[in-house]
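The values are calculated or read from the model by the stated rules, or taken from the named source; none is laboratory data. What you see is a predicted model; the values in this text were computed from it and never measured. When we count neighbours, we look across all protein chains shown, and the Cβ atoms used for this are built from the backbone with ideal geometry, even at glycine. Ligands, DNA and RNA are excluded from the accessible area calculation, which covers all protein heavy atoms including side chains. Shrake-Rupley method; radii C 1.70, N 1.55, O 1.52, S 1.80 Å.
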Amino acid sequence: MTEIIKVEHLKKNFGKFEALKDVSFTVDSGEVVGFIGPNGSGKSTTIRTLLGIIRKDGGTAQIFGQDVWKDSLAIHQRLSYVPGDVSLWGNLTGGAIIDFFMKLHGKGDYAKKEYLIDRFELDPKKKAKNYSKGNRQKVGLIAALSVDSDLYLLDEPTAGLDPLMEAVFQEEVQKLKQEGKSILLSSHILSEVERLADRVVIIRQGKVVEEGSLKELRHLTRSVITLETRNDSSSLENLEGVHDFTRQGNEVRFSADSNQLDGILAEAARLGVKKIESVPPTLEDLFMRHYKG
Ligand SMILES: Nc1ncnc2c1ncn2[C@@H]1O[C@H](COP(=O)(O)OP(=O)(O)OP(=O)(O)O)[C@@H](O)[C@H]1O
Ligand SMILES: [Mg+2]
């Protein structure tokens, strides 16, 4: 596996404001990496630095082993980008704009373009100024996905798409992944990230605070357990690693620290288990936990 993106200790200031303090992560070939964090945490700033739109103040950032600032021209021949707020030339049609972007990039696949216009149900003959937000977004997506790139930088690419189109987007990303392409996906739709990403990078106030596969991240946190026992189960409430304990009739529900499961399950077994259900935390739970402290 080769490192397609390699960012180390990236820093970016806007005047006195430190937008990026310490951002390090990698994206390997064939990998989809989810890039998540709250508003203003530095996701777009990181992506704009990778694109060579803004210049870093410290650290290193490489794509395809090349410097994102000095070698940006060469990098852009193998890269597609979709922002969350696609802005277009109002008097051109969507179709003309897509064609223009494909020519700029160089490696356009016009059959794929037609296919995507059909899949995303875009009317390419309309002038851009008459498109809805979702339709502008589709123009950006179709342009980016109709060229043969090795890396896709997607910064809230599905902002404004309806659930049907969101599903189409997810299918198309899965296909790119199967083709061995690399994708950095920043999104507030955590179910989308959960479905698509091999790894997740979590950023907060300009610093990467967590990185790993969902499996690894889940291991750090709690599962929600529902239990029905033959004997009174109130002794579970005070066990180490048991949180948010509630009871409804014979059923108790709590969240459990992964590293305390042994003791909790031993106590449950002693009480006589009639029913057990365990739900791992969603990415949304992980995210909330991180940001609510
Ligand atoms: N050109 C700029 N000048 C000054 N401050 C900026 C500039 N661009 C970004 N910032 C600031 O840097 C911080 C990070 O912004 P950024 O757009 O990277 O956040 P984000 O993680 O993409 O947030 P969101 O989820 O809202 O898209 C914010 O506090 C923002 O106000
Ligand atoms: Mg952003």
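Conditions (1) farther than 15 Å from Val86 by Cβ; (2) open to solvent by 10 Å² or more (accessible area, probe 1.4 Å), marked per residue:
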{"position": "Gly108", "(1), (2)": "yes, yes"}
{"position": "Lys112", "(1), (2)": "yes, yes"}
{"position": "Tyr115", "(1), (2)": "yes, yes"}
{"position": "Ala128", "(1), (2)": "no, no"}
{"position": "Ala144", "(1), (2)": "no, no"}
{"position": "Leu161", "(1), (2)": "no, yes"}
{"position": "Gln174", "(1), (2)": "yes, yes"}
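Listed residues Trp69, Trp89; which is touching a Gly at 6+ places or on another chain (Cβ under 7 Å) and either of a type in the set (Phe, Trp, Tyr) or closer than 22 Å to Leu185 by Cα (or both)?
One residue alone meets the criteria, Trp69.
Out of everything in the range 184-210 that is open to solvent by 50 Å² or more (accessible area, probe 1.4 Å) and polar (S, T, N, Q), what residue ends up being farthest from ligand 2 (Cβ to nearest atom)?
Only one residue tops the list, namely Ser191.
Contact list please: Cβ distance under 6 Å, first residue in the range 56-72 and of a type in the set (Asp, Glu), second residue open to solvent by less than 50 Å² (accessible area, probe 1.4 Å), pairs at least six apart or on different chains.
Here the result reads Asp57/Lys12, each pair linking the range 56-72 to a residue that is open to solvent by less than 50 Å² (accessible area, probe 1.4 Å).
Within the range 14-68, work out how many residues are of a type in the set (Ser, Thr, Tyr) and within 14 Å of ligand 2 (Cβ to nearest atom).
Residues flagged as of a type in the set (Ser, Thr, Tyr) and within 14 Å of ligand 2 (Cβ to nearest atom) within the range 14-68 amount to 5.
Check off (1) surrounded by 19 or more Cβ atoms within 10 Å (Cβ to Cβ); (2) at pLDDT below 95 for Lys181 and give me the number that stays unchecked.
Among (1) surrounded by 19 or more Cβ atoms within 10 Å (Cβ to Cβ); (2) at pLDDT below 95, the lone unmet condition for Lys181 is (2).
Residue check, Asp123 against (1) under 26 Å from the mean Cα position of the chain (by Cα); (2) in contact (Cβ under 8 Å) with a residue 24 or more places away in the chain, all met but one. Which one?
All conditions are met except number (1).
Could you identify the single residue in Gly140, Gly134 that is surrounded by 22 or more Cβ atoms within 10 Å (Cβ to Cβ) and within 20 Å of Tyr81 (Cβ to Cβ)?
Gly140
Could you check, for the range 40-52, whether at least one of its residues is part of a strand (DSSP E or B), within 16 Å of ligand 1 (Cβ to nearest atom) and crowded, with 20+ Cβ neighbours inside 10 Å?
no
When the residues of the range 246-270 are narrowed to those that are β-branched (Val, Ile, Thr) and within 19 Å of Arg230 (Cβ to Cβ), which ends up surrounded by the fewest Cβ atoms within 10 Å (Cβ to Cβ)?
For the range 246-270, the residue satisfying everything is Ile264.
Within the range 24-39, which residues are near ligand 1 (Cβ under 10 Å from one of its atoms) and either free of Cβ contacts under 8 Å to residues at least 12 places away in the same chain or not in a loop (DSSP other than H, G, I, E, B) (or both)?
Phe35, Ile36, Asn39
Looking only at residues in the range 60-94 that are within 23 Å of the chain's Cα centre (by Cα) and assigned to a strand (DSSP E or B), which one is surrounded by the fewest Cβ atoms within 10 Å (Cβ to Cβ)?
My answer is Thr60.
Check Glu210 against each of (1) at pLDDT below 95; (2) within 30 Å of Lys112 (Cα to Cα) and name the one condition it does not meet.
(2)
If a residue must be part of a loop (DSSP other than H, G, I, E, B) and open to solvent by less than 90 Å² (accessible area, probe 1.4 Å), how many such residues does the range 219-230 contain?
Of the residues in that region, 1 qualify.
Can you tell me which residue is nearest to ligand 1 (Cβ to nearest atom) among those in the range 7-23 that are hydrophobic (A, V, I, L, M, F, W, C) and open to solvent by 40 Å² or more (accessible area, probe 1.4 Å)?
Out of the qualifying residues, it is Phe14.
Could you list, in sequence order, the residues of the range 244-293 that are touching a residue at least 60 places away in the same chain (Cβ under 8 Å) and outside any helix (DSSP H, G or I)?
Of everything in the range 244-293, those that are touching a residue at least 60 places away in the same chain (Cβ under 8 Å) and outside any helix (DSSP H, G or I) turn out to be Pro280, Pro281, Thr282.
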